[in-house]
Amino acid sequence: MPQEPMPQDTGPAVLAAVEDGVATLTIRNPAKRNAMTPAMWRRVPELLEDLAADPAVRVLVLTGGGGTFCAGADISALRGGEQESRGLAVAAEEALAAFPRPTLAAVRGHCVGGGCQLAVACDLRFAAGDALFGVTPAKLGIVYPASATRRLVSLTGPATAKYLLFSGELIGAERALRTGLVDEVHPGDGLGGRVAEFARLLASRSQLTQAAAKEFADGSARGPADPERIAHWDRQARESGEAAEGVAAFLERRAPAFTWPLTGR
């Protein structure tokens, strides 16, 4: 997928760029703290489909432009269309959760409502020290989607999920870290460097290992893994040569050259 140039205007958009195996999806709506319009919700699955089909993409980073992540859905778009907007948000969430490579949300500033929904749909979440998290449907009388509720509970446990959902209160990055909502917190200007470093690390690892681990981890809440899927990944491991390359690289004290292609497998 070619890199899309960043526009000169400040209108609402979701933008994609790819560099050195790392795709970056950027939410931009600076006039409203990157709140998601219906068009922006629709754009997310389209971009993810293109990025998933690009064999050069090994990792996806989701972030917000202008020092904040995403303040949720654009409330002005909800009047008379709450059900449609919720459906679009769920479609974007599910597309992000189903993305076949590792996904990392890089969170600065507000990560609220639908923004938190998107962050939780990522595999991992790194936050700046100023990040604020909240799940706010109780402020609007909206029923939070079952899929988003399930993912939130899987990260934080029922008690914290209920605290967030019942109250709509915002919590800071350190509390989010303690509850499992985020994986790392980096104060000051450290977030960007750490995200870039970790994304490069993920891009260097075996896609075979990552793909199988992602499927098994995401399916763990639904019970034991399907024997057919276990057999599938065992077969991929045997045929790929990834383990032989990993062991050889370790013994030769060099970086491994993993070549298993995710696309088409």
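What to note about this one:
- Overall form of the stretch 206-252 per C-alpha gyration tensor (a/c, 1.5; a/b vs b/c): prolate
- Each of D218, D20, D130 has some number of other Cβ atoms within 10 Å of its Cβ, and from fewest to most they run D20, D218, D130.
- The stretch 191-248: GluC sites (Glu not before Pro) in DSSP loop, at most 13 other beta carbons within 10 Å: none
- Where labels lie 7 Å past Cα in the beta-carbon direction, separation of F250 and R235 in nm: 2.7
- Cβ-derived FRET efficiency at R0 22 Å, I142 paired with S76, nearest 0.05: 0.90
- Calculated FRET value between E19 and A213, using beta carbons and R₀ = 35 Å, to 0.05: 0.90
- Per DSSP, loop trypsin sites (Lys or Arg not before Pro) in the stretch 18-97 with at most 15 further Cβ within 10 Å: R79
- Residues whose placed amide H lies under 5 Å from that of V185, excluding near-sequence neighbours: A127
- Cα-based convex hull, the stretch 121-265, per residue volume (Å³, whole number): 154
- Shown for S76, S204: other C-beta atoms within 10 Å of each C-beta, ranked fewest to most, produce the order S76, S204.
- The structure-derived value of Rg and Dmax of the Cα atoms in Å appears in the list [x] 18.8, 64; [y] 17.5, 51; [z] 20.8, 77 under the label [x].
- Bridging of K139 to lysines at a Cα separation below 21 Å is possible for K32, K162, once same-chain residues fewer than 8 apart are set aside.
- The overall shape of the stretch 169-215, judged from the alpha-carbon gyration tensor, is oblate: a/c is not under 1.5, and a/b is no greater than b/c.
- Dividing the helix sum by the residues of the chain, where each DSSP H run of 4 or more adds -39500 (n - 2.57), gives a mean residue ellipticity at 222 nm of -14000 deg cm²/dmol.
- Cα gyration tensor shape of the stretch 89-177, rounded if a/c is under 1.5, else prolate or oblate by comparing a/b with b/c: oblate
- Here is the list for the stretch 130-232: trypsin sites (Lys or Arg not before Pro) lying in DSSP coil, each with at most 15 other C-beta atoms within 10 angstrom of its C-beta, are R205.
- By the count of other C-beta atoms within 10 Å, a proxy for reagent exposure, I171, I27, I142, I230 are ordered fewest to most as I230, I142, I171, I27.
Values quoted throughout were computed directly from the atomic coordinates according to the rules given, and no laboratory measurement underlies them. Small disclaimer: the values here were computed from a predicted structure and weren't measured. Every residue, glycine among them, receives a Cβ derived from its backbone with ideal geometry; neighbour counts consider all protein chains shown.
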